[in-house]
Every structure is written in C-alpha cells, then in structure tokens.
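First the structure, in the form of structure tokens, and then the observations on it.
The values are calculated or read from the model by the stated rules, or taken from the named source; none is laboratory data. These numbers come from a predicted model, not from an experiment. So basically every Cβ, Gly included, is an ideal-geometry build from the backbone, and we count neighbours across all protein chains shown.
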Amino acid sequence: MFRRKKQILARLQKALDGFIFCLGIFLAHFLRNNWEMPVWAVNMFDGVQAIRPFSVWLWLLVVIFPLGPFLLETQGFYQRSISPSRLRLAWGVAKTCAIFVLVISFILILTKQDLSRTVIILFAPISWLLLMLKEEGFRYYRNSGLANPQWHKRFILVGTKADAQRLVTDLQKEPSNQLKIVAQFDINDHTVEDLVEAMHRDSVNGVLIAATHTYFGQIEKTIQACEVEGVEVWLLADFLNTQFSHTILDEYQNRPILIFRRTPDDSWHHLAKSAIDATGSAIALLLLAPILVLAALMVKILSPGPVFFKQQRSGLNGRPFTMYKFRSMVTNAEQRKQELEVFNEMTGPVFKITNDPRITPLGRFLRKYSIDELPQLFNVLRGDMSLVGPRPLPIEETHRFSDLAHRRRLSVKPGLTCLWQIEGRSNVLDFADWVRLDLEYIDNWSIWLDIKILFRTIPVVVRGSGAK
C-alpha cells in the first residue's frame, strides 16, 4: 500500500480503535451494573451493590481514546501487512489490552478513584473481542467484490522499456496490489499527445512515470500535460540509488524536496520520547535524591578531589556537551591514561581495561552499581542526553573512528542506557560489536523498545553487572 494512503487509513483506524476502547469500558461498566452472569448456577454479582453511573467516569474516556491507539502502535499494530496472520494479530491485541488494564489501574490509583475492579477486568476481553471483530470485518470487506472498485487505481505507465518492465514485474509480485496498469507508453516512442488521448480513452486515475534522470525533459512535458488535464502524476524516483535510507517527501518555501534519512522520522513519537525523558529524569532525580546526596558526601570524604567528573562528550551528530559523573577515579586519571594504553582490552578507538588502577576503592563500588552515572540525569533533563540511546563517547575517541559508518551512532541523542549495556556491557571487547548493537537500536527504534530497555536495565544494575 502506498505511504500516503496508508497514513490516511492509519489515522482513521486509530480514531476507530480509540472509539472501540471507549465502547469497551462503557460495555464493561454496563455488564457489571445490569447483567446477571450466572457462573455454576450462582449469580456472579450477588450481594454486590450497583456502582456509580457511567456519567461519573466520562473523564476516563478522554484518557482512553488517545491512549488505546498509542499502546497498539507500540505493538506495531499499524505497521502490519494488509492481511496479517490472525494468530499474530490476536496475540498483539491481547498484549495491548493486558497492558491497558495495568495502565488504567495505575491511573485510577494515582487519581484515588474507586472504579470497580470487575469493570477493569471485563474491559480487556471486551475490547479484545471488539477489535478482533473490527479486523475480521475489514478482512471480509477487502476480500469481497464490493471493495475491489474502491481499492484499485487505474494508471498509465510511462517510461523506458527496461524501467517499465521492471516495475510491472515488481507489481505482479504483490498479491494485494491496488494499482492497475491499463496502458504502457515508451517515453522514446510516444508523444505527449498520444498520452493525452489514452488518458481520455481509459479514464485513468493517474500517470506513473518510471524513467531515469536523462529523460527529465520528456518527464517535465508529461507532468505539464497531466497538470492541464487535472490527472494525478506519480514520479518513481528510484533513479537516485540509496542502500538503506528512507525517502520522505517534504517542501521548503513551496519547493518540493526529497529527504533521504536513515534515522527515525520526526513525529509525535519523538515528542513522546522527549516528554518521557523530561518527566522520567525529573522523577528519578526526586526519588534518587537521597542516594545522590549520600554518594556526593562519600566521594567528598573518602576520595580527595572534586565530587563530579566533567568531560566533553559527543552528543547528537557529534555536537560536544559536558557530561557529568560522580568521580570514580584519581584526580590525575586523564594524565595516566597514556601510560596505560598498552593494556587496552577494547579494539577500536575506545579505552577499557579490567581492574583499572586509576579507579578508587569507592569508585569500584559506585561503578559496580552504576551509581556514578546518576548525575547524567541532569544531562537528560537539560536535553543533552536521552534515557535510552547509544552511550556518549569522549570527543577524542569519536575523532579516532576508523570506519565512518560508525558515526551513524551519533545520529540520535546519546543515552543513559542502551542495548550494549543490557546485552553486552563490559563483556564486549570489539568496538564493532558495540556499534552493531547501537545501530540495531537505531534501526528498530520505538517507544516500546525504549520501555523494554529501561525495564531490562533495572536488574542489570541491581545485580551489579556494572562497568569495569
């Protein structure tokens, strides 16, 4: 399915799914209050008083309507294929409903509301059933004859023989293809007048142009002719060869721009990530304030020198920023680094050795439980870092990258924790493996992935699987 149409349908789906979740909580409340449900000949709600009317809980719909589609999106619900596996779809929806119950329970606890637990429990299966019925309805509609005229577009294909044949072959491989080629025109053998005549004869929805950049003159004339007719034109821009980048169409000062990027696109997901970073770091600083104060006092009393270690690190796109840590080494650690280079255990530009003699006794304890990293919550609050992202490297190590592809780890904000820390941590001795984990995170980024990494970080820290 084409991106624009997919985006429109996704928005409609999100609105419909939000409504379904709202209907789910209403039906759960209705069943709890009005329907006798015999279980083994015993009324499930015998002796239970009626709960407050649903009008009292209308405020909850304001939370449920946007939150439901958001949780579905974290499960990849809106990125699935047009005809997904029923089993996989049902499992994804079930996980979302279970998470939703936990989230609603947490919200009710925070707001000190007393909605019946039975309503919350019924909400999950009812919402799951409604969502699955909706999906089955869409599946039936797509496979029925009624949907075919609305889901297919008639196009004329214009291009060189080689480009046109390659595109037709690709279209035939897609079983749910909604694009129907009614005529083909070789850009070398046919005139614009021939194309206009075919547009009139076949009543097409648009013209699809597949030609290399050497035919820009003919392409411009074709577009101008379609512009006069009011016929849509799609220009297949695969004459610019890229290996991994996603292509995004935008405009700047009313001029169309093709954007090629490998990092995730700017979206409300990034706004959500920024909001989580800001609120998460602020809450963590408040909750961990006693530990921060105690650690600062211990460093001051037991280790002569400043409490904090400050160093210039490479941030987003390599921009320098000052990163803070509790000092875990002797004060002349940077000066002694050069004499220890021969013991470096990490391949590549990064310096790391087991039992580093520069680390103080207190520093070993702070490092084991990652307490030395806690001041970086201030970096997250300032916006220099994120809660989850590739670990920031010193600027001099970044400058020593031997493979320029390694700089792609700088394409997102550095973070407090990452895949490297929960999967490899100090056992990773090859910088290429470190980068591989960082790029795996970047290429598969989602809010849900961030949440999973944060939760997986907790036991790693508690067990003391810290840095060397």
Exercise for the section: Please name all residue pairs, on different chains or six or more residues apart, with Cβ atoms under 7 Å, provided the first residue is in region 421-432 and is more than 18 Å from I453 (Cα to Cα) and in a helix (DSSP H, G or I) and the second residue is at pLDDT 80 or above and not basic (K, R). Expected result: F431/P349; F431/V350
Exercise for the section: Inspect all residues belonging to region 414-427 and state whether any of them is surrounded by 14 or more Cβ atoms within 10 Å (Cβ to Cβ), within 25 Å of F77 (Cβ to Cβ) and not acidic (D, E). Expected result: yes
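Every residue, every condition in (1) of a type in the set (D, E); (2) over 30 Å from L67 (Cα atoms); (3) at pLDDT below 85, yes or no:
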| position | (1), (2), (3) |
| --- | --- |
| R255 | no, yes, yes |
| L271 | no, no, yes |
| I276 | no, no, no |
| K300 | no, yes, no |
| K310 | no, yes, no |
| G315 | no, yes, no |
Practice task
Select from region 280-307 the residues that are exposed (fewer than 13 other Cβ atoms within 10 Å of the Cβ) and either outside any helix (DSSP H, G or I) or polar (S, T, N, Q) (or both) and write down the one among them that is nearest to the chain's Cα centre (by Cα).
Solution key: P306
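Results for (1) surrounded by fewer than 15 Cβ atoms within 10 Å (Cβ to Cβ); (2) closer than 19 Å to G18 by Cα; (3) touching a residue at least 60 places away in the same chain (Cβ under 8 Å); (4) over 19 Å from the mean Cα position of the chain (by Cα), shown as yes or no for each residue.
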position: L72; (1), (2), (3), (4): no, yes, no, no
position: G92; (1), (2), (3), (4): no, yes, no, no
position: F100; (1), (2), (3), (4): no, yes, yes, no
position: I120; (1), (2), (3), (4): no, yes, yes, yes
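Residues are listed down the side, and each one gets a yes or a no for (1) within 23 Å of L31 (Cβ to Cβ); (2) charged (D, E, K, R); (3) modelled with pLDDT of 85 or more:
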position	(1), (2), (3)
T74	no, no, no
F77	no, no, no
R80	no, yes, no
P84	no, no, no
L89	no, no, yes
A98	yes, no, yes
V101	yes, no, yes
D114	yes, yes, no
I120	yes, no, yes
Problem - Subset of region 145-177 that is at pLDDT 65 or above and part of a loop (DSSP other than H, G, I, E, B) - its residue that is farthest from V204 (Cα to Cα) - result: T160
Practice task
Would you be able to say whether some residue in region 318-339 is touching a residue at least 40 places away in the same chain (Cβ under 8 Å), in the same structural domain as P394 (by TED's automatic domain parsing), out of contact with any helix residue (DSSP H, G or I) (no Cβ under 7 Å at 6 or more places or on another chain) and in a helix (DSSP H, G or I)?
Solution key: no
